[in-house]
Amino acid sequence: MPAKKKSSSRRGRRRYSKGASKTVDRAMRRRKSGTLRRSKGGKGGKVKSRKQAIAIGLSEARKKGAKVPAKKR
């Protein structure tokens, strides 16, 4: 009988779902193409920061109901 592999607690659980990472990827592509905006109406400036693009992508994923941890307060 083959030995069972031990899965570490960190490797065993996923922090973000696949759908969440796809949404973040989509936001990053929109940032690169210059269509990602700061505000909902589109009147805010273009997003240039990589971190802000990730935050927008995670926020959109939360709205869709993907598995994403809550924002740190």
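Observations on the structure shown:
- Taken over region 23-44, the residue count meeting the criterion of being polar (S, T, N, Q), loosely packed, with under 10 Cβ neighbours inside 10 Å and closer than 17 Å to Leu58 by Cα is 1.
- Long-range neighbours under 6 Å by Cβ, at least six apart or interchain, first residue surrounded by 14 or more Cβ atoms within 10 Å (Cβ to Cβ) within region 58-70, second of a type in the set (Gly, Ala, Ser): Ala61/Ala20; Ala66/Ser17; Ala66/Gly19; Ala66/Ala20; Val68/Ala20; Val68/Ala61
- Scanning region 12-33 for any residue that is assigned to a helix (DSSP H, G or I), of a type in the set (S, T, N, Q) and either in contact with a strand residue (DSSP E or B) (Cβ under 7 Å, 6 or more places away or on another chain) or at pLDDT below 90 (or both) turns up nothing.
- The requirement of being closer than 21 Å to Arg13 by Cα and of a type in the set (Lys, Arg) is not satisfied by Lys63.
- If you go through region 34-73 and keep only what is at pLDDT 90 or above, assigned to a loop (DSSP other than H, G, I, E, B) and among the hydroxyl-bearing types (Ser, Thr, Tyr), you end up with Thr35, Ser49.
The values are calculated or read from the model by the stated rules, or taken from the named source; none is laboratory data. Since the model is a prediction, treat every value here as computed from it, not as a measurement. Reconstructed Cβ throughout: ideal geometry from the backbone, glycine too, with neighbour counts over all protein chains shown.
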